[in-house]
Amino acid sequence: MAVLLVLVVAGVGFGIRVALARSQGEPQPVAPATSVAAPTEGVHKATPPGAPASGSATPAATTTGVVVDVGGQVRRRGVVRLGAGSRVVDALSAAGGPLPGADLAALNQARVLVDGELVFVPRPGEAPPAGANQPASGTGATGVPGAAGGGPPGAGAPVDLNRATAEQLDALPGVGPAIAARILEWRAQHGRFSSVDELGEVQGIGPKMLERLRALVRT
């Protein structure tokens with residue numbers, strides 16, 4: 001019995017050593033490392049609501065309007081900036097209004113302004129400077145619409161005082177609706193103009209304006 005007990009104890013000890021040897025010699029499995037990929041340049045980030053998109057250009061604000069020069073019988077002469085669609089009366093207001101004695105009848109205050117033009121308020125009988133109160137668009141070299149008043153075709157033809165309409169007379173520099181109406185009234189009373197000098201008999205046309213109009217009209 002003693003011998004058998006020794007053999008059992010020896011066998012158990014041998015088995016334990018074998019088990020320990022196997023556990024130390026076998027490689028232990030290693031869990032694979034988890035790698036996190038860094039974001040690349042091609043990844044688009046979310047844009048907060050209301051923020052401009054990256055790389056998009058913001059359109060610049062544009063302003064519209066007209067810039068005109070106001071001179072003559074006004075309180076503040078100079079260049080004024082007005083909104084699109086403004087009229088002559090708006091330019092006069094921006095210049096502080098007309099001075100006492102200004103000949104407002106020589107102006108069409110309801111006319112729509114053109115960018116870059118000169119609005120000139122004359123004294124009674126005063127001729128405005130060249131190009132004043134007359135937009136350049138649709139006019140000839142003299143500022144008079146082409147083929148006006150039954151004259152020969154072509155831009156800058158003189159206006160026939162005996163055939164011109166109120167619109168054609170109004171287009172002459174310094175001649176507003178009121179003076180154009182007076183010219184037609186004079187023609188109706190006297191039958192016709194026999195010479196350009198007779199324009200001086202029309203109220204509102206002084207010697208200076210007459211000289212200014214002499215090359216632009218005919219009888």
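What follows is calculated from the coordinates using simple rules that are stated; it is not laboratory data. Predicted model, so just to flag it, every value in this text is computed and none were measured. Cβ coordinates were reconstructed from backbone atoms using ideal geometry, including for glycine residues, and neighbour counts include every protein chain displayed.
What is the fewest-to-most order of Thr64, Thr219 by other Cβ atoms lying within 10 Å of their Cβ?
Numbers: Thr64 8, Thr219 15.
So the ranking, lowest neighbour count to highest, is Thr64, Thr219.
Global size of segment 64-124: 10.4, 35 Å for Rg and Dmax (C-alpha atoms, Rg to one decimal, Dmax whole). Placing dummy labels 7 Å off each Cα toward the beta-carbon, the span from Asn162 to Arg75 is 4.8 nm.
Using r as the Cβ-Cβ distance of Ala178 and Val112, and R0 as 22 Å, what FRET efficiency do you calculate, to the nearest 0.05?
Working: r = 19 Å, r/R0 = 0.85.
Step by step, r from the Cβ atoms, then E = 0.75.
Among DSSP bridges having both ends in segment 64-124, what percentage is antiparallel? Round to the nearest 5.
Numbers: 7 of 11 bridges.
Roughly 65 percent of the DSSP beta bridges within segment 64-124 come out antiparallel.
Please give the length that would be gained between Glu201 and Ala215 if that part of the chain were fully extended, namely 0.36 nm times their separation in residues minus their C-alpha to C-alpha distance (nm, one decimal). Mind dumping the intermediate values first?
Details: separation 14, 0.36 × 14 = 5.04 nm, distance 1.75 nm.
Gain in length upon complete extension: 3.3 nm.
Proximity of backbone amide H atoms, modeled 1.01 Å from N, is registered between Val68 and Val80, Leu82, Gly116 at under 5 Å, excluding neighbours fewer than 5 places apart on the same chain.
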